[in-house]
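Peer 1: What follows is a single structure, and I will ask about it in a moment.
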Amino acid sequence: MEEIRLQKYLASSGIASRRKCEEYIQNGLVKVNGKVITELGTKVNPEKDIVLFKDKEVKMQTDNHVYILLNKPIGYVTTVKDQFKRDTVLDLVKVTKRIVPVGRLDMYTSGALILTDDRRFCI
């Protein structure tokens, strides 16, 4: 397997979004092979390097992705986290993986919505 950027590795592992993972790296919360990494763009080999986030080993997820077809009810926001503390579509499902909605539905609209951890599916 070829080397990938550390922030992409962390995001693919379900730690957080790529941008949030960049913050974690800059704040010194990530180690590669025992060394704290603070420089963005550092590359890792998923097959050889040992990546730690807050001193816990991080493994990149395999292709066992989660796909959820949700009938979104009225009153829920189609987002992962809402700045106004409103109920989100993620409040309706219980999944241990980090999933995101594919597309958007207005808060006052109901209908079919897909949630997944497959980033390539979201493009």
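Peer 1: Pull up region 81-98, narrow it to residues that are surrounded by 11 or more Cβ atoms within 10 Å (Cβ to Cβ) and at pLDDT below 90, then point me to the one that is farthest from residue 15 (Cα to Cα).
Peer 2: Taking region 81-98 and keeping what is surrounded by 11 or more Cβ atoms within 10 Å (Cβ to Cβ), we get 82, 86-93, 95, 97-98.
Still in the list and also at pLDDT below 90: 95, 97-98.
Values: 95: 14, 97: 9, 98: 8 Å.
If we take residues in region 81-98 being surrounded by 11 or more Cβ atoms within 10 Å (Cβ to Cβ) and at pLDDT below 90, then 95 is farthest from residue 15 (Cα to Cα).
Peer 1: Does residue 85 fit the bill of being over 14 Å from the mean Cα position of the chain (by Cα), closer than 30 Å to residue 36 by Cβ and not aliphatic (A, V, I, L, M)?
Peer 2: On the way: over 14 Å from the mean Cα position of the chain (by Cα): yes; closer than 30 Å to residue 36 by Cβ: no; not aliphatic (A, V, I, L, M): yes.
No: the conditions fail for residue 85.
Peer 1: While we're here: So for region 82-99 (the condition being touching a Gly at 6+ places or on another chain (Cβ under 9 Å), over 19 Å from residue 20 (Cβ atoms) and aliphatic (A, V, I, L, M)), does at least one residue qualify?
Peer 2: No, the conditions are met nowhere in region 82-99.
Peer 1: Next question. Output the strands (runs of 3 or more DSSP E) that fall wholly within region 1-67 and possess 1 or more residues being exposed (fewer than 15 other Cβ atoms within 10 Å of the Cβ) and of a type outside the set (Gly, Ala, Ser), or say none.
Peer 2: Numbers: elements: 30-32, 51-53, 56-58.
Counting at least 1 such residues, we get 56-58.
Peer 1: Let me ask you something else. When you scan region 113-120, do you find a residue that is acidic (Asp, Glu), surrounded by 16 or more Cβ atoms within 10 Å (Cβ to Cβ) and either modelled with pLDDT of 95 or more or under 30 Å from residue 6 (Cβ atoms) (or both), even just one? Spell out how you get there, then give the answer.
Peer 2: First pass over region 113-120, keeping only residues acidic (Asp, Glu): 117-118.
Filter once more, keeping what is surrounded by 16 or more Cβ atoms within 10 Å (Cβ to Cβ): 117-118.
Next, from what is left, pick out any that are either modelled with pLDDT of 95 or more or under 30 Å from residue 6 (Cβ atoms) (or both): 117-118.
Yes, some residue in region 113-120 is acidic (Asp, Glu), surrounded by 16 or more Cβ atoms within 10 Å (Cβ to Cβ) and either modelled with pLDDT of 95 or more or under 30 Å from residue 6 (Cβ atoms) (or both).
Peer 1: List the residue pairs whose Cβ atoms are under 8 Å apart, where the first residue sits in region 96-111 and is in a loop (DSSP other than H, G, I, E, B), the second is surrounded by fewer than 16 Cβ atoms within 10 Å (Cβ to Cβ) and modelled with pLDDT under 90, and the two are 6 or more positions apart or on different chains.
Peer 2: Filtered contacts from region 96-111: 97/14; 97/61; 97/66; 98/14; 99/66.
The values are calculated or read from the model by the stated rules, or taken from the named source; none is laboratory data. Small disclaimer: the values here were computed from a predicted structure and weren't measured. All Cβ positions, glycine included, derive from the backbone under ideal geometry; neighbour counts span all protein chains shown.
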